[in-house]
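Okay, so here's the structure we're looking at.
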Amino acid sequence: MYAFDFERPSTIADAAKALAQDDAQALGGGQTLIPTLKQRLAMPTVLVSLSSIPEMRGICRSDANALCIGGATPHAVVARDGGAFPALADLAGHIGDPAVRTRGTVGGSLANNDPAACYPAAALATGATIITNTRQIAADDFFDGMFGTALEEGEIITEVQFPIPQAASYQKFNQPASRFALTGVMVCRYASGVRVGVTGASEDGVFRWAEAEAALSNSFAASALDGLTLDAEGMLGDIHGAPQYRAHLVTVMAKRAVEEAAT
Amino acid sequence: MAQISITINGKSASAEVEGRTLLSEVLRDGLRLTGTHIGCDTSQCGACLVHVNGQLAKSCTMLALEADGAEVRTIEGMANDDGSLGDIQQAFQDHHGLQCGFCTPGMIMAATSLLRENPKPTEAEVRAYLEGNMCRCTGYHNIIKAIMAASGQDVTLAAH
């Protein structure tokens with residue numbers, strides 16, 4: 001790692017101030033950023049830890065029936081205390097491995113927007129609201145291609161609000177070496193309709209599958225997806241799976257998610 | 001350089017660290033607690049697992065300054081007070097849960113966390129929990145068996 005200064009503020013205001021410095025970088029749980037720093041793929045002047053800010057940790061249920069999770073809340077806490085939204089707790093409980101889950105955070109996952117991360121699929125499938133130190137961003141406006149987001153320099157995800165669905169499931173096809181999703185699909189059913197978030201498939205990162213949403217809003221059954229296919233063009237391809245394979249997996253995982261959610 | 005204070009295996013310790021110093025480096029180089037192993041240094045193998053404030057953590061993927069003020073437990077703190085092996089350590093010996101032993105400290109730290117969260121895990125739950133621990137010798141079977149035995153379960157049919 002290149003040398004850097006380290007700050008560990010205890011309030012959001014102090015963190016924002018620290019992040020206003022030149023080449024400052026926020027540190028969530030560090031489960032992606034620290035390996036990145038070791039490879040010298042990033043060279044911040046100052047690293048600002050968000051791990052000691054009490055107002056950014058914890059889970060509650062809002063009056064509007066959303067699960068509100070502090071941006072610096074680790075996955076293990078969501079898995080343990082997120083029972084009001086079981087499919088989200090289950091998603092959090094299967095990210096990475098147990099030691100990743102004690103450190104990695106929901107805010108870090110969304111800010112990084114890895115194309116195979118789990119939380120971005122949940123944010124899109126629930127129509128989550130991403131709350132930062134300066135504004136609120138709808139999930140539909142947040143993700144901006146692989147590793148890209150609407151966040152400005154130094155902007156901090158302080159909280160994420162996930163509307164709790166009537167029924168939901170996240171199904172991921174494990175990539176056992178990286179422990180990311182090879183492909184993962186979250187299906188959420190609301191009174192207003194069904195939303196489907198897909199991760200680990202597109203070269204543009206996480207996306208909503210509009211055709212599946214329409215079909216499932218009409219009939220919430222796996223058979224509603226029969227005959228629906230995604231174009232392999234623009235899908236990720238690597239040694240673990242060709243674009244055609246991933247396109248096919250999206251349908252398979254979506255069907256599994258509907259079956260699981262419907263039970 | 002900055003000074004950190006940690007409680008390590010029940011004793012107070014302090015160390016001089018840089019911003020980029022990893023917890024694993026403080027443990028091994030600063031405090032000479034070399035039972036915490038660096039297997040891959042890329043966050044994948046789990047040989048460096050320790051407990052930070054009771055939570056399982058990869059010490060190679062945590063900055064030392066993040067552990068300032070924390071209680072850290074390493075493999076050196078897992079034996080009984082009289083120096084005899086702890087239950088999980090003893091089960092690894094009894095069931096031949098190691099060959100070269102390099103991954104063993106991380107396995108013991110992970111197993112300890114697992115049994116605290118889930119005192120009677122199924123074989124599938126043990127295997128799932130060890131996702132982040134790599135062993136290149138045993139094929140895992142005897143490790144699974146040792147952890148299940150340490151939980152007080154009959155392992156005659158486990159990990160066949």
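The values are calculated or read from the model by the stated rules, or taken from the named source; none is laboratory data. Here the structure is a predicted model, which means the values were calculated and not measured. Every residue, glycine as well, gets a Cβ built from its backbone with ideal geometry; the counts of neighbours run over all protein chains shown.
The table below lists the values:
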| quantity | calculated |
| --- | --- |
| Failed item, numbered, when B:G86 is tested on (1) surrounded by 15 or more Cβ atoms within 10 Å (Cβ to Cβ); (2) small (G, A, S); (3) farther than 30 Å from B:G19 by Cβ; (4) over 15 Å from the mean Cα position of the chain (by Cα) | (4) |
| Residue pairs meeting the criteria (Cβ under 6 Å; at least 6 apart or on separate chains; first over 16 Å from A:G197 (Cα atoms), in region A:216-228; second of a type in the set (A, V, I, L, M)) | A:A224/A:A215; A:A224/A:L216 |
| Which numbered condition B:T36 fails, given (1) surrounded by 21 or more Cβ atoms within 10 Å (Cβ to Cβ); (2) of a type in the set (S, T, N, Q); (3) in contact with a Gly (Cβ under 6 Å, 6 or more places away or on another chain) | (3) |
| Those residues of region A:45-104 which are of a type in the set (A, V, I, L, M), in a strand (DSSP E or B) and under 13 Å from the mean Cα position of the chain (by Cα), in sequence order | A:I69 |
| Whichever residue in region A:28-44 is surrounded by 20 or more Cβ atoms within 10 Å (Cβ to Cβ) and in a helix (DSSP H, G or I) and, among such residues, is farthest from the chain's Cα centre (by Cα) | A:L37 |
| Pick from region A:124-147, criterion among the aliphatic types (A, V, I, L, M) and in a strand (DSSP E or B), ranking: surrounded by the most Cβ atoms within 10 Å (Cβ to Cβ) | A:I130 |
| Leading residue by the ranking (farthest from the other protein chains (Cβ to nearest Cβ)) among those in region A:90-109 that are touching a Leu at 6+ places or on another chain (Cβ under 9 Å) and within 26 Å of A:Q136 (Cβ to Cβ) | A:G107 |
| Filter result for the condition that a residue is out of contact with any Leu (no Cβ under 8 Å at 6 or more places or on another chain) and either part of a helix (DSSP H, G or I) or not small (G, A, S) (or both), over A:L151, A:L182 | A:L151 |
| Contacts under 9 angstrom Cβ, first residue in region B:110-124 being over 22 Å from B:C45 (Cβ atoms), partner of a type in the set (D, E) and modelled with pLDDT of 95 or more, 6 or more apart | B:N118/B:E125 |
| Where A:L67 falls short, out of the listed (1) farther than 22 Å from A:E152 by Cβ; (2) within 13 Å of chain B (Cβ to nearest Cβ); (3) touching a Pro at 6+ places or on another chain (Cβ under 9 Å); (4) of a type in the set (A, V, I, L, M) | (2) |
| Conditions (1) in contact with a strand residue (DSSP E or B) (Cβ under 9 Å, 6 or more places away or on another chain); (2) in contact (Cβ under 8 Å) with a residue 12 or more places away in the chain: number failed by A:S178 | (1) |
| Subset of region B:36-54 [free of Cβ contacts under 8 Å to residues at least 40 places away in the same chain and either among the hydroxyl-bearing types (S, T, Y) or within 9 Å of chain A (Cβ to nearest Cβ) (or both)] | B:D41, B:T42, B:S43, B:V52 |
| Count of residues meeting criterion [in contact with a helix residue (DSSP H, G or I) (Cβ under 6 Å, 6 or more places away or on another chain) and either under 23 Å from B:S59 (Cα atoms) or not aliphatic (A, V, I, L, M) (or both)] in region B:145-158 | 2 |
| A:A79, sole failed condition from (1) buried (at least 23 other Cβ atoms within 10 Å of the Cβ); (2) within 30 Å of A:E260 (Cα to Cα); (3) of a type in the set (A, V, I, L, M, F, W, C); (4) within 14 Å of chain B (Cβ to nearest Cβ) | (1) |
| Filter pass, A:D14 being away from chain B (no Cβ under 11 Å) and part of a loop (DSSP other than H, G, I, E, B) | no |
| Residues within region B:102-134 that are in a loop (DSSP other than H, G, I, E, B) and within 14 Å of chain A (Cβ to nearest Cβ), tallied | 5 |
| Selected residue (only one of A:A117, A:A121 is assigned to a helix (DSSP H, G or I), touching a Phe, Trp or Tyr at 6+ places or on another chain (Cβ under 9 Å), in contact (Cβ under 8 Å) with a residue 12 or more places away in the chain and away from chain B (no Cβ under 14 Å)) | A:A121 |
| Every pair of residues 6+ apart whose Cβ atoms lie under 6 Å, when the first sits in region A:31-44 and is more than 8 Å from chain B (Cβ to nearest Cβ) while the second is surrounded by 15 or more Cβ atoms within 10 Å (Cβ to Cβ) and small (G, A, S) | A:T36/A:A42 |
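Okay, residues lined up against (1) touching a Leu at 6+ places or on another chain (Cβ under 8 Å); (2) among the charged types (D, E, K, R):
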residue	(1), (2)
A:A224	yes, no
A:L236	no, no
A:I239	no, no
A:L249	yes, no
A:V252	no, no
A:R256	no, yes
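Per-residue answers, yes or no, for (1) buried (at least 21 other Cβ atoms within 10 Å of the Cβ); (2) over 30 Å from B:G19 (Cα atoms); (3) outside the structural domain of B:E18 (by TED's automatic domain parsing):
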{"position": "B:T61", "(1), (2), (3)": "yes, no, no"}
{"position": "B:F102", "(1), (2), (3)": "no, no, yes"}
{"position": "B:R116", "(1), (2), (3)": "no, yes, yes"}
{"position": "B:E123", "(1), (2), (3)": "no, yes, yes"}
{"position": "B:Y140", "(1), (2), (3)": "no, yes, yes"}
{"position": "B:A159", "(1), (2), (3)": "no, yes, yes"}
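Table: residues versus (1) part of a loop (DSSP other than H, G, I, E, B); (2) within 27 Å of A:L67 (Cα to Cα).
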site: A:A168; (1), (2): no, yes
site: A:K172; (1), (2): no, yes
site: A:F220; (1), (2): yes, yes
site: A:S223; (1), (2): no, no
site: A:A232; (1), (2): yes, no
site: A:R246; (1), (2): no, no
site: A:T251; (1), (2): no, no
